[in-house]
Amino acid sequence: MIYLDNSATTRPDPSVVETYMKASLGFFGNPSSLHTLGVEAERLLNEARNRVATYLSVSSKEIIFTSGGTEGNNLAIKGAAKARKHRGKHIVTTAAEHASVLATCQSLEAEGFEVTYIDLDSRGFVSVESVMAAIRTDTVVVSIHHVNNEIGAIQPVEDIGKRLIAWPNVMFHVDHVQGLSKVPLSLNDAHIDLCTGSAHKIHGLKGTGFLYKRKGTNISPLQHGGNQEFNVRTGTENVAGAVALAKALRLMGERCSELKRLQSLRGYVINELKKIEAVILNSPLEGAPHIINVSLPRIKPEVVVQALAEKDIYVSTKSACSSKESEPSHVLKSMGLTNERTVSAIRISLSVQTTKEELDRFLMEFRQLIPELMEVAQS
């Protein structure tokens, strides 16, 4: 099997699974319980929190464990917007965000908030000036993803964060799910107030993630019933999941040297794909080291995905949250690309586990497949 859909999810590292199992069986107590089992579970949870915080160079009191990126984005945006609605009800984001951000903003619009959606340029980037121009006196939240999940464009969140210092009433949220451990980001230098991450994108387990909440940043909880996670995310904590997330982050930190190899592999694949006449590259050359997006005009992308799957090679069309929908890619539409390109996109996403041998086989099968599908499409 050649797995090239790592932006959707990654294969869990065996040692992460082992860590999860050990924590599940050995520390099954409720962290809120007063007896020894509860105290031991709480200690392990706090240790995991400290490790995540150390990786991000922040305080452990700024880390809230969640079920993943979608919950983190909802908690950050809704929580910040509702906590500050007395100051204003305007939100700024891009039209190319992950579905969990766009749907969250749409739900807030139904509650009376106003949202400005900024398009990307033709290369896939949002300009700092367009973000700043969209801010008003009643703006309370700006939400910009760090790495686009479909094309891999790295957004200028550091520059945006520094400019937002002049707007102290605006909370800055960054969806860091795709960039975590792959594209460096200093939460402090970028003056980020809220930042989301997810374990299953970094060879961890599904159902675990974190929300970074800068000290002094107030958000309204979305659920009530306990005082867990600093009264922001109530409910019995997933201790084993938190420990496994910390383990996954540590392993990715130890493999940071692999990112150069990953970037090299991405460049190699892009150069080879550009040699195929039917292929149009949508990703910027200077994008994240793991995402490549191309269009194959006149060929249905789902046909390509299924044809490759028959050869035990796995790629995707767009975000896994939207891949079963037949609509054009909203990311490519926000870039102003033609309908022909927005409806025919394929995403190839690598990981630190991807080898050149796997990519060579993918390229060989892809080269052979495209002429066949072109012929069928034209007949």
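The values are calculated or read from the model by the stated rules, or taken from the named source; none is laboratory data. A quick note: this is a predicted structure, and the numbers were derived from the prediction, not measured. Backbone-built Cβ (ideal geometry, glycine too); neighbour counts: all protein chains shown. With ligands, DNA and RNA removed, areas are computed over all heavy atoms of the protein, side chains included. Shrake-Rupley method; radii C 1.70, N 1.55, O 1.52, S 1.80 Å.
Restricting attention to the chain, close to 50% of DSSP beta bridges with both partner residues there are antiparallel.
Ligands, DNA and RNA left out, the 1.4 Å accessible surface of segment 1-111 is 55% carbon and sulfur atoms. Cross-link reach is defined here as a Cα-Cα straight distance under 13 Å, omitting same-chain residues fewer than 8 places apart; for Lys89 the aspartates and glutamates meeting it are Glu109, Glu111, Glu114, Asp138. Counted residue by residue at 0.36 nm each, then reduced by the alpha carbon distance between them, the extension gain from Ala95 to Glu372 reaches 96.2 nm. If you take the charge dipole of the chain about its Cα centre, with +1 on Lys and Arg Cβ and -1 on Asp and Glu Cβ, which of Ala134, Thr9, Pro284 is farthest toward its positive end? Sorting the options by dipole projection puts first Ala134. Taking amide H positions as modeled 1.01 Å from N, with prolines and chain starts lacking one, the residues under 5 Å from Ile118 and 5 or more places away or on another chain are Thr93, Thr94, Ala95. Relative contact order (percent) for the chain, with alpha-carbon contacts under 8 angstrom and 6 or more residues of separation? Computed over the chain, the figure is 23 percent. Using a Gaussian network model of the chain in which every pair of alpha carbons under 10 angstrom is joined by a spring, one finds that among Met364, Met171, Met252 the greatest mean-square fluctuation is at Met364.
Which one of Thr355, His330, Val243 has its Cα pushed farthest toward the positive end of the charge dipole of segment 238-359, where Lys and Arg give +1 and Asp and Glu give -1 at the Cβ? Going by the Cα projections, it comes out as Val243. Only Lys, Arg, Asp and Glu carry charge here, each on its Cβ (+1 for the first two, -1 for the last two); on that basis the chain has a dipole of about 760 debye about its Cα centre. The packing ranking of peptides 195-203, 35-43, highest mean first, is 195-203, 35-43, where packing means the average number of other beta carbon atoms within 10 angstrom of each residue. Where the accessible area of segment 245-334 is counted over protein heavy atoms with a 1.4 Å probe, how much of it, in %, is carbon and sulfur? Exposed carbon and sulfur together represent 51 percent of the surface. Accessible surface for the chain, divided over its residues, is 42 Å² per residue with a 1.4 Å probe. Per residue of the chain, the DSSP helices (runs of n ≥ 4 H) give a summed -39500 (n - 2.57) that works out to -12500 deg cm²/dmol at 222 nm.
Seen through its C-alpha gyration tensor, with square-root eigenvalues sorted a ≥ b ≥ c, the chain comes out oblate because a/c lies at 1.5 or above while a/b is not bigger than b/c. Each peptide in 219-227, 353-361 gets a packing score, the mean of other Cβ atoms within 10 Å over its residues, and the list from highest to lowest is 353-361, 219-227. Working from Cα pairs under 8 Å separated by at least six residues, relative contact order for segment 286-376 is 41 percent. The heavy atoms of Ile192 offer some 0 square angstrom of accessible surface to a 1.4 angstrom probe.
Spatial offset of segment 204-247 relative to segment 88-103 amounts to 22 Å, using the alpha carbon center of each.
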